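Q: Could you have a look at this structure, given as structure tokens, before my questions?
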Amino acid sequence: MAKLVYDKDGRLLFTKEMKREYTLLIPQMLPIHFEMLKNCLQLHGYKCETLMSNHRGIVDTGLKYVHNDTCYPALLVIGQFIEALNSGKFDKNKVALLITQTGGGCRASNYIHLLRKALKKADLDYVPVVSLNLSGLERNPGFRLTIKLIRQFIYSVMYGDILMLLANQCRPYEVKRGQTDALVEKWEKRLVSEFKLPGRLSYKEMVKNFDLIVSDFARIERRNEQKVRVGIVGEIYVKYSPLGNNNLEDFLLSEGAEVVVPGLIDFLIFKINNRVVDVDLYGGPKIKKELARMFQRYAEKCQIAMIDAVKKCPQFRAPSPFATIQNLAKEYLGPGNKMGEGWLLTGEMLELIHEGTSNIVCTQPFGCLPNHIVGKGMIRRLKDDYPESNIVAIDYDPGATKINQENRIKLMLANAKDRMRKKQDERKSARQVELAH
Amino acid sequence: MSYRVGIDIGSTTVKVVVLDSDDRLLYRSYERHYSRVREKAAEQLSMVSDILSGEKVKAVITGSAGLGVSKASGISFVQEVYATGAAVREYIPDADAVIELGGEDAKIIFFTGGLEERMNGSCAGGTGAFIDQMATLLDVSVEELDELYYRHERIYPIASRCGVFAKSDIQPILNQGGRKEDIAASIYQAVVDQTVSGLTQGKELKGKIVFLGGPLHFLSGLRERFVETLELDKDNAVFPENSECFAAIGAALCAADYPELSYEELLASLESSVSEGTLTDTMPPLFENEEEYEQFRFRHSKAAPDMVEISEYSGKAYLGIDAGSTTTKMVLITPEGGLLYTYYGPNKGNPVTIVLEKLIELYELCGDRVEIVASAVTGYGEELIKNAFNIDLGLVETIAHYKAAQYFDPKVDFIIDIGGQDMKCFKIRNGAVDSIMLNEACSSGCGSFIESFAKALGYEIQEFAELGIMDKSPVNLGSRCTVFMNSSVKQAQKEGASIEDISAGLSISIVKNAIYKVIRASSPDDLGKNIVVQGGTFLNDAVLRCFEMEIGRNVTRPAIAGLMGAYGAALYAARSGLKQSGILKAQELYDFHHEAKPSVCNGCTNRCSLTVNTFTGRSRRRFISGNRCSKPLGREKANMPNMFRYKLERLTNMQGTGSGDGSRGRLGIPFGLNMYENLPFWFTFFTKLNFEVVLSPVSSRELYKKGQHTIPSDTVCYPAKLMHGHIEALMDMDVDYIFYPCMSYNFDEGKGDNNYNCPVVAYYPELLLANIQRLKDFRYLNPYVGLHRPKDFKKRISRFMHENFSVPAKETVEAARAAYEAYESYRSDIIEKGRECIEFAREHGKNIIVVSGRPYHIDPEISHGIDELIGSLDLVLITEDCVAHHVKKESRNVLNQWTYQARMYDAARYVCTQPDMQLVQLVSFGCGTDAITTDELREILERGGKLYTPIKIDDINNLGAIRIRIRSLVAAIEARKE
């Protein structure tokens, strides 16, 4: 069995031996993306498993080991980890936990520390925690973020984004139930297995795949009906994770809406862009800025390739590129507003409104600090500037009940449907006027 | 066209209306459903059979509890705000806005300027339910509350955010003798303020406003408060007929779009849904069988003091009184601790009357056989009762409870007391109270919560609690603040939970709340080995059982669990060595009279709300309460060194033209958040450049109100909310510019892993611009600046000053240099002054309290005079920034990423090295970063053998709970010395 090795500050390390023996547990956030990320890790010889649990026990465990006023995502992720460790499903002496670390001014940067505190409290401090970050924080001998792995991650994010985007536009309208999800699954498997093949991990191959994916989804037979489109923005975890947002996407679908969820790549580009802006605003080494800028350009290039591929099929709506969102947000917030989702959140709301999705659910953990500013704080002005915008802010936390959340969302939907009907009537009468002439 | 039926199922009531084809209202009903949601709806619908029997109808359900019924019965659902909007558009087409208060929801609909609909957020608490709860607290019916309102003379400031907060504001006013009439008015005003500040979010309420919903329909006083606050004239305040049924009417109007069915079909589908149960989230029962319950009862019956029949006893006796927040407790004991007399009852808004009544009764029982040799009082009403009846001794509650617990278990090492309003837990180490945990304002409402809940469901508390004991499937209601529990209960009801399930579920929630929220324990060993539980709430067997189950350990519950404070006070009196009590004698009680009058102290800018109590009888005495310092009592303020006062004085002097001539114009700076730290920097910077610095006034309640209508997020911290008022004030001060920079980064003091500001401090300037309409007409400068890199800052700010004011770069660079110097000299002055305070304390043998928080916590509207309170307890107050520099950088268990927070860790580490220092942490409610710092600070202090005392503060204006904490702290320090 692997020996427990600590670094000079007393942090338990993930050793090379552990890489062979241990299973890495990964919290679930975005079903498609994380499945692919997991597969990438497996290609590099890591044993890993994504935690799919979704029940009340997670919240209760979280409440027990995390300060109740800490943000809800921390409570859920940590609760999910500890609940899994104690579930008997895993050999506690042969698992490690993987968690992302951003390192901004938001308290989210503290998740990994809160996790370690909780493990200690639960007498599980022999379980190593691996930080996944791009800043070179907390190195581990058994876990290396190689260039190859980073590239695979980026491609996975891109593939995840395009699959999510197309699936969201097909699912509510599909004639054969389940066809969309089956297609998503097919591509997930195919894409990752391709990474193994020599020469297939390249930008060129990705662009080719984009086209194949789009035309494949275009073949899904869709009913021709108009549904209310609802955008979801917010704090990254509750925005995406069904565990965090009480299965928000399913709820909206069951209410007859089409869900529009902005991609993950925007968030990544945003985080890279922050480093460029930091140097502009406060000074610092030019080389840092240039490196970040290079990285940003590459990610943006991937995003634009995806957008171009989607545009080839006119029945699909393509998202706006990062630069467009950035430009829209400029009128509202400074480029330095970078904690949490920062100006990107406001930018995404603006993008949605500009692209005709003015019904928006803005999700946040109860008491989320950055969202006071960039979420709830901007709704007033958005309403002034775009009277048609129909935004509802929903708080998530262990005590908030689904019934209250759904009631508020239903109000937003009632207005959305009302407006859609009115527009249809207007169009109809306009057509009649035309015909009469 | 057929008849249309609207069924509105709200959180507390069911409303059914029937419209005919001409939109005429044929029938309406309004009834409380006591959580029997489906039954009540079906019952009311069956009442209209005379009209609808055999007819075709179209029906729609609406309301917050209606969704479940709709799903189960297949009847269509329309969201209630949408329904209300439809009704108003139909009947009052020229309305500009609607305000609707329901059982637990508050809504505003704006019609002009684009349709906008708002509902209270999940934190905002109830409105109708809130008023109910407050009425219970005052021991009046809601109708009586409304009558009381019309005799009010003044309005107290009461936290308007949620019921729990307001309650902790009202309680002390009651206990200090405030008039119910005034409190009734204050409650209404709180509802109004809550609605206006919580829901308008920057949009002005003007024009023709329609008021709807049950509370506004039935309470004319509440209507009056709304009309006066919004300054509406007669034509613009519309209170329509049937206003309590508008949502139901709207639903009926919307029904036109839905399919038709027969009345019998409708009734059948509603009735058939009644029996459907889909309860999912349940927990194991409390007891498997009757036998188990019997054993449990037997085990707990053993911890009981001797009962001594007072009519057969003669000799010395000792009196203990616990004037608690909602109840008054009294015991009379023999020198050995035998019980001669006990009383436990609600104080019905005036503890003095109760104590008077019971004392008279007691004297009769005593005759001339029993002599009261000494008396002691504890609890919220300690001072009032002590002065009213000339009680010999007063002691802080924590000590009283410890004395009593020790009597039942001499080895006790952990005590938990859940009372009506508060929850106290403390550990005992080496015979002294150690580490006290009180519930913060957010999770209070413990015992009284079950009680109000029981009443709302139509039960007496005892009866309600017993329902849960043998329940088979308690429902999981979560463990958060009571306001959240309300909606959890709603959800459970929707899923078909029975009253029994809810009763048991509530007991479990209270226990979980205590263990995980207040104590923050993860295992029984975190508590202790010998646990004594007490407080009225533990008399409830269900709660006691849950507690033992949750911690997996048996505990001691004294039979007099509800009287422990009073019992402890009596024991304290017995051991005081007093030979004769000064308590008012029987004859003196017969002509005793108590009168309470509100007043406002004009001694200083705090303008404390005072209550002047006059006691008449043999001798006329006065007792003033509500004061923070001794000034209104005719004595001078205690002249202890006080860093809060010193810092505030220094900062408020930083306005005007300074060393410059002010020729570049008047530049306004909002005096809040990080300006409490950075003002020395900016003042020097701008005056050097010949600006005149105009500082907004020091925060006050009035200032807050000025800006409250533009606050977009009601859960942000109070210091941030105050900024809206500061900006409003500045805009009225004839300034040319307003300067308030965004700062992701703070100064880098090299003590942490990073040097961030929290997101709210960093970006609030941008929020203000987006939400304060008028600010767009001003030159509002909110650039991103980074003071942590002086060289880069100088370059960038030079560019900024050149672009905006054509200031030559050289001048700006020079000003920036001077600004850095000024900042440094301010910081070292604080350290120097702190050193003087410490010296003073040591010369005079005083204890030192290091109050740790953010720089802006010295704002008197944020700290509510805590500094004066600390001074009045003979303690010297310094702040974290006076001592943090003494220790070297050390790595922490958490990411030490914020500059201000890093100072607190360092201050705590330093305090651990100083025997005469203690640390008190100020935590703003809603401060996300403090969720992380509180745990870390506790760890540092407890490892260093110090007590940890966190104090949560908000817009709450009373110091009752804080006083208990600090007095307990002082008592613990004293006990440790012994």
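The values are calculated or read from the model by the stated rules, or taken from the named source; none is laboratory data. All values reported here derive from a predicted model rather than from experimental measurement. Virtual Cβ from ideal backbone geometry, glycine too; neighbours counted across all protein chains shown. All accessible areas refer to the heavy atoms of the entire protein, side chains included, with ligands and DNA or RNA removed. Shrake-Rupley method; radii C 1.70, N 1.55, O 1.52, S 1.80 Å.
Q: So which trypsin sites (Lys or Arg not before Pro) in the range A:177-206 pass both tests, a DSSP loop state and at most 14 other Cβ atoms within 10 Å of the Cβ?
A: Counting only loop positions with at most 14 other Cβ atoms within 10 Å, the trypsin sites (Lys or Arg not before Pro) in the range A:177-206 are A:ARG177.
Q: As a test of the definition: with a 1.4 Å probe, what buried accessible area, both sides summed, do you compute for B against A, in Å² to the nearest 100?
A: In total, this chain pair buries about 6500 Å².
Q: Hey, if you put +1 on the Cβ of every Lys and Arg and -1 on every Asp and Glu Cβ in chain B, which of B:ALA184, B:TYR258, B:PRO783 ends up farthest toward the positive end of that dipole?
A: B:PRO783
Q: Can I ask one more? Using modelled amide H (1.01 Å from N, peptide plane; none on Pro or chain starts), what sits under 5 Å from the amide H of B:GLY662, excluding residues fewer than 5 places away?
A: Correct list: B:ASN690, B:PHE691.
Q: Quick check for you: with a 1.4 Å probe and neighbouring chains kept, what is the accessible area per residue of the range B:767-909, in Å²?
A: With the other protein chains kept in place, the range B:767-909 gives 38 Å² per residue.
Q: Residue by residue, what Karplus-based ³J(HN,Hα) values in Hz, rounded to whole numbers, does the range B:913-921 have, using 6.51, -1.76 and 1.60 with θ = phi - 60° and x for Gly and Pro?
A: Whole-Hz 3J(HN,Hα) from phi for the range B:913-921: 8, 10, x, 9, 10, 10, 10, 10, 9.
Q: I would also like to ask the following. How much of the accessible area of the protein assembly as shown, in percent, comes from carbon and sulfur atoms when a 1.4 Å probe is used?
A: With neighbouring chains kept in place, the figure for the protein assembly as shown is 49 percent.
Q: If I model a spin label as a point 7 Å beyond the Cα along the Cα-Cβ vector, how far apart are those points for B:THR616 and A:ASN133 in nm?
A: 7.1
Q: Could you tell me the distance between the Cα centroids of the range B:35-108 and the range B:691-768, to the nearest Å?
A: Taking the Cα centre of each part, the range B:35-108 and the range B:691-768 sit 43 Å apart.
Q: Could you sort the residues of the range A:355-369 by number and keep only those whose accessible area is reduced by 30 Å² or more in the all-protein-chain setting relative to the chain alone, 1.4 Å probe?
A: A:PHE366, A:LEU369
Q: Shielding of B:933-941 by partners, i.e. mean partner chain Cβ atoms within 10 Å per residue?
A: The per-residue average across the peptide is 2.
Q: Compute, for the range B:8-74, the length of the dipole vector about the Cα centre, with Cβ point charges of +1 (Lys, Arg) and -1 (Asp, Glu) only. Units Debye, rounded to 20.
A: Value, rounded to 20: 300 debye.
Q: Once you order the gyration tensor axes a ≥ b ≥ c over the Cα atoms, which shape class does the range A:1-113 get: rounded for a/c under 1.5, otherwise prolate or oblate by comparing a/b with b/c?
A: rounded
Q: Let me ask something else about it. With each run of n ≥ 4 DSSP H residues scored as -39500 (n - 2.57), what mean residue ellipticity at 222 nm is computed for the protein assembly as shown after dividing by its residue count and rounding to the nearest 500 deg cm²/dmol?
A: Helix-only estimate at 222 nm: -14500 deg cm²/dmol.
Q: On a straight-distance basis, which aspartates and glutamates could pair with B:LYS427 in a cross-link, Cα separation under 13 angstrom, same-chain partners fewer than 8 positions away excluded?
A: Filter leaves B:ASP413, B:ASP417, B:ASP525, B:ASP526, B:GLU942.
Q: Between B:GLU364 and B:GLU153, what FRET efficiency comes out of the Förster formula 1/(1 + (r/R0)^6) with R0 = 41 Å and r the beta carbon distance, rounded to 0.05?
A: Using R0 = 41 Å, I get an efficiency of 0.65.
Q: For the range B:324-411, what does the accessible surface come to per residue with a 1.4 Å probe? Please give it in Å².
A: Dividing the accessible area of the range B:324-411 by its residue count gives 33 Å².
Q: Which FRET efficiency value, to the nearest 0.05, do you get for B:GLU292 and B:LYS795 by plugging their Cβ-Cβ distance into 1/(1 + (r/R0)^6) with R0 = 56 Å?
A: E between B:GLU292 and B:LYS795, to the nearest 0.05, is 0.15.
Q: Per residue of the range B:659-667, what does 6.51 cos²θ - 1.76 cosθ + 1.60 with θ = phi - 60° give for ³J(HN,Hα)? Whole Hz please, x for Gly and Pro, Karplus curve as stated.
A: So the Karplus estimates, Gly and Pro as x, are 8, x, 10, x, 6, 7, x, 8, 10 Hz.
Q: A further question follows. Quick one: which bits of the range A:90-132 get at least 50 Å² less accessible when the partner protein chains are in, versus the chain alone, with a 1.4 Å probe?
A: A:GLY105, A:ARG107, A:ASN110, A:HIS113, A:LYS117, A:LYS121
Q: Provide the FRET efficiency to the nearest 0.05 for the B:LEU26-B:ARG817 pair, computing r from the beta carbons and using R0 = 60 Å.
A: Approximately 0.15, to the nearest 0.05.
Q: Now, a different point. Just flag the GluC sites (Glu not before Pro) in the range B:810-902 sitting in loop per DSSP whose Cβ has no more than 12 other Cβ atoms within 10 Å.
A: B:GLU890
Q: Using a cut-off of 24 Å between alpha-carbon atoms, which lysines can reach A:LYS196, once sequence neighbours fewer than 8 places away in the same chain are excluded?
A: Straight-line reach from A:LYS196, under 24 Å: A:LYS16, A:LYS19, A:LYS38, A:LYS47, A:LYS148, A:LYS186, A:LYS204, A:LYS208, A:LYS301.
Q: Related question: Within the range A:258-341, report the GluC sites (Glu not before Pro) that DSSP leaves as loop and that have at most 15 other Cβ atoms within 10 Å.
A: A:GLU331
Q: Suppose every K and R has +1 on its Cβ and every D and E has -1 on its Cβ; what is the size of the dipole of the range A:227-269 about the Cα centre, in Debye to the nearest 20?
A: 80
Q: How crowded by other chains is A:379-392, given as the mean number of beta carbons from other chains within 10 Å of each beta carbon?
A: Per residue, the number of nearby Cβ atoms from other chains is 4 on average.
Q: Name the residue farthest towards the positive end of the dipole of the protein assembly as shown from the options A:ALA309, B:ILE499, B:ALA841, assuming +1 on Cβ of Lys and Arg, -1 on Cβ of Asp and Glu, about the Cα centre.
A: A:ALA309
Q: Which distance in Å, rounded to a whole number, links the C-alpha centroids of the range B:858-888 and the range B:296-329?
A: 41
Q: Place the peptides B:246-258, B:777-789, B:367-379 in order of packing, highest mean first, counting for every residue the other Cβ atoms within 10 Å and averaging per peptide.
A: B:246-258, B:367-379, B:777-789
Q: Kindly express, to the nearest 10 degrees and within the range 0 to 90, the angle between helix A:376-385's C-alpha long axis and the longest C-alpha principal axis of chain A.
A: 20
Q: Send over a whole-number figure in Å² for the accessible area per residue of chain A, probe 1.4 Å.
A: Per-residue value: 39 Å².
Q: Extension gain B:SER301-B:ASP257, at 0.36 nm per residue separation less the Cα-Cα distance, in nm?
A: Taking B:SER301 through B:ASP257 to full extension adds about 9.4 nm, to one decimal.
Q: While we're looking at this one, here's another question. State log₁₀ I(q)/I(0) for the protein assembly as shown at q = 0.04, 0.05, 0.06 Å⁻¹ as given by the Debye formula over alpha-carbon point scatterers of equal weight, solvent excluded.
A: Per q value, in the given order, log10 I(q)/I(0) is -0.25, -0.40, -0.58.
Q: Roughly how many whole Å is it from the C-alpha centroid of the range A:312-331 to that of the range A:74-95?
A: After rounding, the separation between the Cα centres reads 39 Å.
Q: Sticking with this structure for a sec: Report the full-extension gain for the segment A:LYS8 to A:GLN432: residue separation times 0.36 nm, less the Cα-Cα distance, to one decimal in nm.
A: Net length gain for the segment: 144.7 nm.
Q: What's the average, rounded to a whole number, of partner chain beta-carbon atoms within 10 Å of each residue's beta-carbon in A:406-416?
A: Mean partner shielding for this stretch: 6.
Q: Taking the Cα atoms of the range B:827-977, report the difference between the largest and smallest coordinate on each principal axis, in whole Å and largest first.
A: 38, 34, 32
Q: Is the shape of chain B rounded, prolate or oblate, going by the alpha carbon gyration tensor and its root eigenvalues a ≥ b ≥ c, with a/c under 1.5 for rounded and a/b larger than b/c for prolate?
A: oblate
Q: Next question, about the same structure. So how exposed is A:MET164, as accessible area in Å² (1.4 Å probe, rounded to 10)?
A: 20
Q: Would you mind telling me the antiparallel percentage of the DSSP bridges in the protein assembly as shown, rounded to 5?
A: Around 45 percent antiparallel, to the nearest 5.
Q: Here's a follow-up. Using θ = phi - 60° and the Karplus relation 6.51 cos²θ - 1.76 cosθ + 1.60, list the HN-Hα couplings for the range A:325-334 in order, rounded to whole Hz, with x at every Gly or Pro.
A: Calculated HN-Hα couplings, in order: 4, 4, 5, 5, 5, 3, 5, 10, 9, x Hz.
Q: Please list the non-local residues whose amide H lies under 5 Å from the amide H of B:ASN120, H modeled 1.01 Å from N, same-chain partners needing a gap of 5 or more.
A: Under 5 Å from the amide H of B:ASN120: B:ALA106.
Q: Over 23 Å between C-alpha atoms is what I'm after, so list which of B:LYS424/B:LYS846; B:LYS71/B:LYS472; A:LYS271/A:LYS376; B:LYS386/B:LYS846; A:LYS271/B:LYS889 land there.
A: Checking Cα-Cα distances, B:LYS424/B:LYS846; B:LYS71/B:LYS472; B:LYS386/B:LYS846; A:LYS271/B:LYS889 exceed 23 Å.
Q: Which one of A:THR324, A:ILE403, A:ILE353 is farthest out on the positive end of the charge dipole of the range A:302-437, using unit charges on Cβ (Lys, Arg +1; Asp, Glu -1) and the Cα centre as origin?
A: Checking the options against the dipole of the range A:302-437, the answer is A:ILE403.
Q: Hey, another quick one. Counting C-alpha atoms alone, how compact is chain A: give Rg to one decimal and Dmax as a whole number, in angstrom.
A: So, for chain A, Rg and Dmax equal 22.4, 86 Å respectively.
Q: Using the crude model of +1 on Lys and Arg Cβ and -1 on Asp and Glu Cβ, and no other charge, please compute the dipole size for the range B:644-782 relative to its Cα centre, in debye to 20.
A: With only Lys, Arg, Asp and Glu charged at Cβ, the dipole is about 220 debye.
Q: If a/c stays under 1.5 just call it rounded; otherwise compare a/b with b/c (prolate if a/b is bigger, oblate if not). Do that for the range A:55-135, with a ≥ b ≥ c from the square roots of the Cα gyration tensor eigenvalues.
A: Taking the square roots of the gyration eigenvalues as a ≥ b ≥ c, the range A:55-135 is oblate.
Q: Under a cut-off of 17 Å between alpha-carbon atoms, report the lysines in cross-link reach of A:LYS64, not counting same-chain residues fewer than 8 places apart.
A: A:LYS117, A:LYS120, A:LYS121, B:LYS512, B:LYS517
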